[in-house]
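Taking it in order: structure first as structure tokens, then the write-up.
Derivation of every value follows stated rules applied to the coordinates shown; laboratory data play no part. Bear in mind the structure is a predicted one, so any value in this text is a computation, not a measurement. Positions of Cβ are generated from backbone atoms using ideal geometry, with glycine treated the same way; all protein chains shown enter the neighbour counts.
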Amino acid sequence: MLYLHIPFCKQACSYCNFHFSTSLRNREAVLDGMVRELAVRRRELPAGSVPSIYFGGGTPSLLTGAELDRIFKAIVQNGYWGGDAGAEITLEANPDDLTDDTVAMLAASPVNRLSIGIQSFDEADLRFMHRAHDAAQALAAVEKVCAAGFDNLSIDLIYGGQTTSDATWQRSLDLATSLGVNHIASYALTVEPKTALGHWVATGAVPDTSDERFARQFAMLVDHLTDHGFEHYEISNFARPGHRSRHNSGYWTGQPYLGIGPGAHSFDGAYRRRWNVSNNARYARVWSEVTSYSDFETAGPLLFEEELLTQRDRYNEYVMTGLRRAEGVAVAEVERRFGGALGRHFVSEMVPHLRNGNLESVAGTAIYRLSRRGLTVADGVAADAFA
Ligand code: SF4
């Protein structure tokens, strides 16, 4: 799988701690670096076409047609993808960027799935989150991309924020299911340090978020979407049948992926994680001097950091991501991957949660998954499973 991080945004959302810059000063040099990184790091993925390409950010919908074209040319020239129509090619887009021209450009490109950062259909929510779009643009964007023929469409929604009443949240959910959307990713508003929201909460300018509101609005989310034909296939992700995100499912099942661009993460599918420097100027400057894989490795921490996962790290990640998925975790698979001792540890830690109803076994087998009640304490159940 291939991930491309486009690290630019029009403005900073109040809650965001992703890597992005609102300065476009290094835009061309960063894209030059990404094209070079695509060429130099090809060996980190298996040969053959990738099943999924994902443009994330930042704001990939800021790319012009010529810039997107240039990146696709580098993807094809370096053998990541050869035009296979079966590949999932997703681009994250913000509603305010989806003008008629941009939608037409995207419809004519290889992108076949859009993930639109709606977050809310409510004006007060959008202003509080300092989003660049308003409620009317949110609605118009979805209608426009449907009309342009995008039938593989995901939207993001945020619940539990200080301005999001239950009535507001229900209205956003009603609108979401009335549109031609077949995938919804929804997260609670998290207060992160070093964000505007983190500062407002720390200084008492706004109250902190409330666990009761999170739990209530999460229950509304699950009820509403499952009542409207969506599968709740991961704790924060819902899809109509046949529309699960292949890219995200790949992350959760340990597939190898290569992350290109400032701040992007990579995983070799076994033991090694790497993450690129989160600094656009440095990324561009150092990549302008790298022409080979040995240059890249020599640059080391100037361009990336890495960690080697132990067997225990891998077990912990496996049970954490597995318990968040509707498929749950099979005891036999834990034993096969990590050995009998960790398999026994997993069972002994999960038995109390089977007894108290946080977990259920799938069709009476030794496959454990979170129950409806357990969804609200998922992190605690996973923490108990950790070795
Ligand atoms: S558009 Fe996305 S990446 Fe950019 S600041 Fe907002 S939430 Fe963060």
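Summary table
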item: Estimated dipole of the stretch 203-301 in Debye, rounded to 20 [Cβ of Lys and Arg +1, of Asp and Glu -1, Cα centre]; result: 260 debye
item: Trypsin sites (Lys or Arg not before Pro) restricted to DSSP loop in the stretch 195-272 with at most 14 other C-beta within 10 Å; result: none
item: FRET efficiency estimate (nearest 0.05) - Cβ-Cβ, Q170 to R344, R0 41 angstrom; result: 0.35
item: Shape call, the stretch 311-385: gyration tensor on alpha carbons, a/c limit 1.5; result: prolate
item: Partnerless cysteines, meaning none of the other Cys C-beta atoms lie under 4.7 Å away, in the chain; result: C9, C146
item: Per-residue [θ]222 nm for the chain (sum of -39500 (n - 2.57) over DSSP H runs n ≥ 4, rounded to 500); result: -12500 deg cm²/dmol
item: FRET E, pair Q255, A330, Förster distance 22 Å, beta-carbon r, rounded to 0.05; result: 0.75
item: Viscosity 1.002 mPa s, temperature 20 °C, Stokes-Einstein D of the chain from Kirkwood C-alpha radius, µm²/s; result: 96 µm²/s
item: Among T321, N358, G343 - extreme Cα towards positive end, dipole of the stretch 293-364, charges at beta-carbon; result: N358
